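Here's the structure, in structure tokens; my notes come after.
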Amino acid sequence: MTKETKIPITPNEIHGLAVHAAGAQLVPYRYEPGELKTNEVEVKITHCGVCHSDIHLIDNDWGISHYPFIPGHEIVGTVSAVGSQVRDLTVGQRVGIGWQADSCGICEWCRQGDEHLCASAQPTCVGRNGGYADSIRVNAHFAIPVPDALESENVAPLLCAGITVYSPLHNLGVRPSSRVGIIGIGGLGHLGLQFARAFGAEVTAFSTSTDKEEEARRLGADHFVNTRDNGTLKKLAGSFDLLLSTVGADQDWQSIVNGLRPKGTLCIVGVPPSPISIHAFPLIGGQKSIAGSPTGSPRDLYQMLDVAARHGVKAITERFPMANANEALVRVKKNQVRYRAVLTN
Ligand code: NAP
Ligand code: ZN
């Protein structure tokens, strides 16, 4: 009988930046991802956008954060390894990864191509380590090939911010006759203006930052409203088919609902801290709706990237070396970034 020989395992550490407690600074952190699963790809990260959700997660605003963890879910990079069952991606291919890294694959939602609604869906940086790192592993189904026409830096923010505003415009049937208001012109909102224009709508930007007016108009806004000016909001009662709120702060929801035309929808994608309180009568009388919308499925991501490539939708970015991610987070918190910080390796 031959003596058992152990094959040495090559260390395959992933190096990133993690927080170790709610609200803490990012510090260098490394982890061993183990053996590559048969359905996974490993992606060498070149770019990762800084979504405000990363800040909510760092601060544990939603009570779902576990530490240490590496934030980041607007990832672009190249495939560096493929699991044995992956047939549609090859080493060297450029891919994008958004909010979701895995799902069960067999529930009714996964089977219908709505994997983002799967009860077992795994967010890329909740309970897993995200994209403020040199590499990441995900189920290959959630690594989406990026059209050649799109630059990595400008496309990374589309993987979360872009799909989050594209999905409700698409799902709620926005068309050339639609009057759409985008509330909050940050990472999500500046892409919302561009997509709403691509859908043919008449577009109004609602912003607390009057210095954003010129850019908002260039990006697709036909009108610009200063949301700090209550009088203007009141004058706009009954004006919009869709109001898309991308703001992560409490707002005057009643005035916003009053801004809807009959059959209009207020769609909430930003995550305010407090419950939303609305009188029922304006909803009932005007047959109005309040909706929420998450990111989107891999199928939706394919479609959104294709639309972006053909209609010239791209993020306006501020670039930071990955090592300076803390600086980027501070600028996002102060609403200073125009309009998306992107970390690069
Ligand atoms: P962001 O880049 O910081 O932009 C948010 C914008 O909201 C700001 O630029 C600002 O626009 C406006 N704003 C900020 N504070 C405000 C206040 N106190 N009152 C009114 N307006 C204010 O953030 P983001 O990355 O776009 O994310 C926005 C929200 O969407 C976050 O809550 C994030 O967690 C959420 N989100 C949700 C999903 C989803 O699946 N539903 C996906 C991604 C992100 P102006 O300067 O124009 O006023
Ligand atoms: Zn996000």
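A short reminder: the numbers here are calculations on the coordinates, not readings from a lab. Here the structure is a predicted model, which is why all the values come from computation and not from measurement. With ideal geometry, Cβ positions are generated from the backbone for all residues, glycine too; neighbour counts draw on all protein chains shown.
For region 233-240, the criterion of being buried (at least 17 other Cβ atoms within 10 Å of the Cβ), out of contact with any Phe, Trp or Tyr (no Cβ under 8 Å at 6 or more places or on another chain) and not aliphatic (A, V, I, L, M) is met by at least one residue.
Grab the strands (runs of 3 or more DSSP E) fully contained in region 1-120, keeping just those with 1 or more residues being free of Cβ contacts under 8 Å to residues at least 12 places away in the same chain, surrounded by fewer than 20 Cβ atoms within 10 Å (Cβ to Cβ) and more than 16 Å from ligand 1 (Cβ to nearest atom). Give the steps one after another, and end with the answer.
On the way: elements: 14-18, 27-31, 40-49, 75-82, 94-97, 100-102.
Ranges flagged: 27-31.
When Q287 is tested against (1) in a loop (DSSP other than H, G, I, E, B); (2) surrounded by 14 or more Cβ atoms within 10 Å (Cβ to Cβ), only condition (2) is not met. Annotation for region 135-147: no member residue is small (G, A, S), part of a loop (DSSP other than H, G, I, E, B), surrounded by 24 or more Cβ atoms within 10 Å (Cβ to Cβ) and within 14 Å of ligand 1 (Cβ to nearest atom).
Would you check if V332 is among the β-branched types (V, I, T), touching a His at 6+ places or on another chain (Cβ under 8 Å) and on the phi < 0 side of the Ramachandran plot? Yes: the conditions hold for V332. Taking region 234-252 as the range and being more than 12 Å from ligand 1 (Cβ to nearest atom) and either touching a residue at least 12 places away in the same chain (Cβ under 8 Å) or in contact with a helix residue (DSSP H, G or I) (Cβ under 7 Å, 6 or more places away or on another chain) (or both) as the test, the residues that pass are K234, L236, A237, G238, S239, F240, D241, L242, L243.
So if I check each of A315, A308, which one is surrounded by 22 or more Cβ atoms within 10 Å (Cβ to Cβ) and either in a loop (DSSP other than H, G, I, E, B) or not aliphatic (A, V, I, L, M) (or both)? From the options A315, A308, the qualifying one is A315. Scanning region 156-209 for residues that are within 15 Å of the chain's Cα centre (by Cα) and in a loop (DSSP other than H, G, I, E, B) yields a count of 4.
For region 170-180, a residue qualifies if it is in contact with a strand residue (DSSP E or B) (Cβ under 8 Å, 6 or more places away or on another chain) and closer than 21 Å to T295 by Cβ, and the qualifying residues are L172, V174, V180.
Does V269 meet the test of being surrounded by 23 or more Cβ atoms within 10 Å (Cβ to Cβ), in contact with an Asp or Glu (Cβ under 7 Å, 6 or more places away or on another chain) and of a type outside the set (S, T, Y)?
On the way: surrounded by 23 or more Cβ atoms within 10 Å (Cβ to Cβ): yes; in contact with an Asp or Glu (Cβ under 7 Å, 6 or more places away or on another chain): no; of a type outside the set (S, T, Y): yes.
It is false that V269 is surrounded by 23 or more Cβ atoms within 10 Å (Cβ to Cβ), in contact with an Asp or Glu (Cβ under 7 Å, 6 or more places away or on another chain) and of a type outside the set (S, T, Y).
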